[in-house]
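The values are calculated or read from the model by the stated rules, or taken from the named source; none is laboratory data. Small disclaimer: the values here were computed from a predicted structure and weren't measured. All accessible areas refer to the heavy atoms of the entire protein, side chains included, with ligands and DNA or RNA removed. Shrake-Rupley method; radii C 1.70, N 1.55, O 1.52, S 1.80 Å.
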Amino acid sequence: MPGRFFLTDPVSDLTAALGVSAGTVGNEPARQNIAPGQEIIVFDGALKRMRWGIVPVGRVNARGRPVMEQIINARSETVFDKTAFDGVGRAVIPVNGWYEWTGEKRKKTAWRIGPKGRGFLHFAAITDLWTAPGGLEVPQVAAVTCEPNADVAPIHHRMGVLLERADLTTWMGDDLEAAKALMVPWPEGRLHIEEAGDVNWDGP
């Protein structure tokens, strides 16, 4: 939906793919199981780190009530209509893939999902800035999800909105209607899905 991300290629490969410098990100070790609440590399015209999960402090729902739950993934069908998302930015989470789990708790099967032929996937995302007690500012990000394609449907009822490299500027640009048009399932047959017996629900 995604459940967890993985970014195992070096940052130098990512900067080459995006045509940007590493900036403040620098280098970092391979990460096999990036969970909500952890920092993740985000691209919004430059590479930077953000906390995966938006704490919606000060945001309210359509009834005017405070949004209490942490937002990990935002539904494409409502992300630009809900008052809880007013004023969010748009960015991309570039990773090598993600994990989903099927089955009952303690008997879950992990599935590793990435692009055929390796490389990067670019997840559409929204961003926000949370000012924590004491004035600390925490950049935050949440992935945008849509209906699954036929490849992912047997594993999960949602999938992240994946973007072509050429569409990143449109997604992050000023034309909201053009960005909305990109929120569709990834074409079938372009993902490699395999069982990931080396990844547990609670961590790598």
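In the context of the full protein assembly, Met50 retains an accessible surface of approximately 10 Å², using a probe radius of 1.4 Å and ignoring ligands and nucleic acids.
Close amide H partners of Arg90, meaning residues 5 or more places away or on another chain with modelled amide H under 5 Å apart, are Thr127. Once backbone amide H atoms are built at 1.01 Å from N, Val138 has Trp130, Thr131, Ala132 as its partners under 5 Å, excluding neighbours fewer than 5 places away on the same chain.
Residue order by solvent-accessible surface for Lys105, Lys82, Lys48, Lys116 is Lys105, Lys116, Lys82, Lys48, largest first, with ligands and nucleic acids left out and a 1.4 Å probe.
Rounded to the nearest 500 deg cm²/dmol, what is the calculated helix-only ellipticity per residue at 222 nm for the chain, with -39500 (n - 2.57) per DSSP H run of length n ≥ 4? Mind showing how you got there, number by number?
On the way: 3 runs with 18 residues, N = 204.
For the chain, the value works out to -2000 deg cm²/dmol.
Within straight-line reach of Lys82, meaning a Cα separation under 27 Å, sit the following lysines at least 8 residues removed in sequence or on another chain: Lys48, Lys180.
When a/c reaches 1.5 or more, the comparison of a/b and b/c decides; with that in mind, is the stretch 88-204 rounded, prolate or oblate per its Cα gyration tensor? Because a/c hits 1.5 or more and a/b fails to exceed b/c, the stretch 88-204 counts as oblate.
With all protein chains present and a 1.4 Å probe, how do Glu195, Glu100 order by accessible area, largest first?
Final ranking, largest accessible area leading: Glu195, Glu100.
Counting only protein heavy atoms and a 1.4 Å probe, the chain has 50 square angstrom of accessible area per residue. Label the chain by shape, choosing from rounded, prolate and oblate, from the square roots a ≥ b ≥ c of the eigenvalues of the Cα gyration tensor; if a/c is under 1.5 it is rounded, and otherwise prolate applies when a/b is larger than b/c, oblate when it is not. Rounded, since a/c falls under 1.5. Amide H to amide H, with H built 1.01 Å from N, Ala196 comes under 5 Å of Ala110, Trp111, Arg112, counting only residues 5 or more places away or on other chains.
How much of the accessible area of the chain, in percent, comes from carbon and sulfur atoms when a 1.4 Å probe is used? Can you show the working numbers first?
On the way: 5110 of 10120 Å².
About 51 percent, which is the carbon plus sulfur part of the accessible surface.
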